[in-house]
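The values are calculated or read from the model by the stated rules, or taken from the named source; none is laboratory data. If you're wondering where the values come from, they're calculated on a predicted model, not measured in any experiment. Because the Cβ atoms are built from the backbone with ideal geometry, glycine has one as well, and the counts that use them run over all protein chains shown. Areas reflect the complete protein model, heavy atoms only, side chains present, ligands, DNA and RNA absent. Shrake-Rupley method; radii C 1.70, N 1.55, O 1.52, S 1.80 Å.
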Amino acid sequence: MTERRKTKPVRVGDVQVGGDAPVVVQSMTATDTADVEATLRQIGELTEVGCEIVRIAVPDKAAAAALPEIVRRTPTPLIADIHFDYRWALASLKAGIHGLRLNPGNIRDPEKVRTVVREAKARGTPIRIGVNAGSLPPIPALEEGELPPTTPRRMVDAALWEIGLLEEQDFDLIKISLKAFDVPTMVEAYRELAPKVPYPFHLGVTEAGTPRAGSVRSAIGIGILLAEGIGDTIRVSLAADPKEEVPVCWDILASLNLRQRGPTLVACPTCGRIEIELIPLANEVEAHFQKLGKPITVAVMGCVVNGPGEAKMADLGIAGGKGRGVIFRKGEIVKTVDEKDFMSALIEEGDKVIAELEARSNGGSPSDSTSADSAGSPAPVISLEEIPHPGR
Ligand code: SF4
């Protein structure tokens, strides 16, 4: 992982983006914004699954008219997504919106952009310059023999054009996104702009697709950049219920050890050596710990090849073997149980790990000193001989 790019922090409501803030998770409602109750319901659902900033489309007067009520009742900071008509940006600002997104390909009149910036500046509201490869400004006339600019270059130029308009008015509450469906295009655009400006980046692969393909594309595009230290907030765009986007964002962040929300499951992929019914167990374990929503790492492993190693590195783990399983808690073997008792043993030991986590985050001492001592220190070395394994 490369050291994170230094950026000027901005505040979207009470959420900081950029600077030393953790990478923030975003999504977007899919409701008709004019329908206040449906929009607030979806904002609530997104918030519940871990969305920290919610964007809502403001395409017309009816949507703009709904904003004061939505802003008044939202539990989460909101960004108004504006295309084409700058009047809805002004109406959103007047409604107290926490941030704006403007597309430089769609509002090309500098005077209209300046009007919006003046109003945003007066209110201290940040603006995201949201460049999209699918709606770029036209290419200026080319000199004879001149090659047309590449798409990443056009994206960067569009962003720089609008950044210029904002900076002209001493406005620096800026975030930038350079989204494309094509992953190499989007990666190149962000990389090219990164050394040129100090503003935080919102990362995303646009119109990424249905959940499986879209999650993979997003994870690759966003993941490459985050691993290079680029990116301050992320959104995964899926052709699905927006609630499905948020866990994917969290999985991307957890995969790079940037942030964790809820459990991380380490599960063996199974092979010919499998000695327990692993897949149903892994699903049951994941569902149980997801419900609890605590940042615990649980390993469910099918045999003694990698099982003990992975299980002892997790907060909680099980290494199966011929109808029995060894339960590890914080690197230590705590018990061996029969297959019928796997789930109950994992629930019981998981409760202890969670109690320790909570005691530590509240600044108190963990109730179980043995496990507390082992937390933070290297896991004890366990030889395979020490692990009861009827099959060996
Ligand atoms: S842990 Fe064992 S069963 Fe699972 S994939 Fe590895 S070798 Fe196969």
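Worth a mention:
- Taken over region 267-299, the criterion of being of a type in the set (A, V, I, L, M, F, W, C), crowded, with 17+ Cβ neighbours inside 10 Å and within 16 Å of the ligand (Cβ to nearest atom) is satisfied by Ala267, Cys268, Ile276, Leu278, Leu281, Ala282, Val285, Val298, Ala299.
- Of all the listed residues (Lys330, Lys322), the sole one being modelled with pLDDT under 95, within 16 Å of the ligand (Cβ to nearest atom) and in the same structural domain as Glu277 (by TED's automatic domain parsing) is Lys322.
- Contact map, region 27-40: residues that are without any contact (Cβ under 8 Å) to a residue 60 or more places away in the chain paired with residues that are surrounded by fewer than 18 Cβ atoms within 10 Å (Cβ to Cβ) and among the hydrophobic types (A, V, I, L, M, F, W, C), Cβ distance under 6 Å, separation 6+ or inter-chain. Pairs shown: Thr31/Ala38; Ala34/Ala62.
- Failed item, numbered, when Leu238 is tested on (1) open to solvent by 30 Å² or more (accessible area, probe 1.4 Å); (2) in a loop (DSSP other than H, G, I, E, B): (1)
- Of the candidates Leu78, Leu46, the single residue that is out of contact with any His (no Cβ under 8 Å at 6 or more places or on another chain) and either crowded, with 17+ Cβ neighbours inside 10 Å or modelled with pLDDT of 95 or more (or both) is Leu46.
- Test for Lys340: is it of a type in the set (Lys, Arg), surrounded by fewer than 18 Cβ atoms within 10 Å (Cβ to Cβ), within 22 Å of Arg273 (Cβ to Cβ) and touching a residue at least 24 places away in the same chain (Cβ under 8 Å): no
- Scanning region 257-266 for residues that are assigned to a strand (DSSP E or B) and either away from the ligand (no atom under 15 Å from the Cβ) or open to solvent by 50 Å² or more (accessible area, probe 1.4 Å) (or both) yields Thr264, Leu265.
- Within region 300-317, considering residues that are open to solvent by 10 Å² or more (accessible area, probe 1.4 Å) and more than 12 Å from the ligand (Cβ to nearest atom), the one modelled with the lowest pLDDT: Lys312
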